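Asks: Sharing a structure here in C-alpha cells format.
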Amino acid sequence: MPIRFDVLTLFPEIFHGYLSQSILKHAIERGLVEVHLWNFRDWAKGKRKNVDDRPYGGGPGMVLRCEPVIAAVEAVQARAQPPGHLVMLTPSGERLTQRLVQELAQHPRLLLLCGRYEGFDERIRILLQPQEISIGDYVCNGGEVPAMVIIDTVIRLVPGVLGKSESLIEESHAEPGLVEYPQYTRPREFRGLAVPEVLLSGNHKQIAQWRRQQAWLRSQQRRVSCSGSQPESPPASREAHPHEDHCADRSDSQSGYKVFPSSQTSS
Ligand code: SAM
C-alpha cells in the first residue's frame, strides 16, 4: 500500500513543480507514494469565500478561520480510509528531526495542514488536536515549504523509493548524533587535493573502518547531536544498529502524482 499525503493549503499550485521532479515523481509513478492537494477555500462559505479574518484584540495580519479549515479537514478525512494522522505545520511545534521523520513514516496516511498569514485560529488546534511540527526556529511565509520538507524526508524511508536502501543506513542522522563520512568521486586529484589513499585501496574492511572513524570525527567537530552530546567513541558498526535510539529521554523528541485540483474538491 502506498503512503498517502493529503496536503491542505491555500496555494496548491506551489506543489506542482515539486511533485513532478526526480525521486518523488518516480515514487508516485511507481505507486509507492500518493499526494493529494486540497484548497481550504473550497470549503469557505459565502460569495467572497473568505478563509481569513482580522485577529480579535487587534494586531497586524490575518488569521485563518475555523470554519473552512475544520470543514476541509473533516471532508478530506472522510474521502479515504484510514482518516490519517493530522499534522499542523507551525513554528511553535515540535522540531522536526530524523527520529520524528521515522515516526511519521510509520503512518499510512498523513494530512498536512499548511498555514498562511498569522497562522491558524487557536480553536482549530484545540478541536482537531493535530501533531504540531516545526521545521526549525525561524518563520516561513507559509506551511507549504515545511510540508514539502516532511514529504521529502518521509518518502526516503518508504521501502522501494530509494534505489539503494543502504544509503539510509549510512546516512547522516540515521543514528542520532552521527553524520555521514566524507565522500569523493572522480577526479582522483583536484586543485592539489587528493582522494584519501584508503578509498583507492580496494580493501573494504579498511574503507569501512576509515568511514566509521571519519563519521565519528565529523560528528564531534560539528557537534551534531540529538541531546547535546556526541557518541563517545566510533560505533563498532553502524550497520548493526541502523535505528538504535539514543534519544529516548529527550523531552522534545517524542519522539502517484495524484493531484486533485480544487475544482474536484467540492465540499
Ligand atoms: N504568526 C505565526 C507565528 O509567529 O508563529 C507565524 C505564521 S507564518 C507567517 C504562516 C504559516 O507558515 C504558519 O501558520 C505555518 O503553517 C507556516 N510556518 C512558518 N514557519 C514555519 C516553521 N518553522 N515550521 C513549520 N511551519 C511554519
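Asks: Please give the number of the condition LYS47 fails out of (1) more than 16 Å from the ligand (Cβ to nearest atom); (2) under 25 Å from ALA174 (Cα atoms); (3) not acidic (Asp, Glu).
Replies: The failed condition is (2).
Asks: Scan segment 117-144 and report the pairs whose first residue is closer than 12 Å to GLU94 by Cβ and whose second residue is within 6 Å of the ligand (Cβ to nearest atom), with Cβ atoms within less than 7 Å and a gap of 6+ or a chain change.
Replies: Qualifying pairs under 7 Å: GLU132/THR90; GLU132/SER92; ILE133/LEU89; SER134/THR90; SER134/PRO91; SER134/SER92; ILE135/PRO146.
Asks: So in segment 173-199, with the set limited to residues that are hydrophobic (A, V, I, L, M, F, W, C) and assigned to a helix (DSSP H, G or I), which one is nearest to LEU32 (Cα to Cα)?
Replies: Filtering first and then ranking leaves LEU199.
Bear in mind these aren't lab numbers, they're just calculated from the coordinates by the rules spelled out. Here the structure is a predicted model, which is why all the values come from computation and not from measurement. Ideal geometry is used to build each Cβ from the backbone, glycine not excepted, and the neighbour counts take in all protein chains shown.
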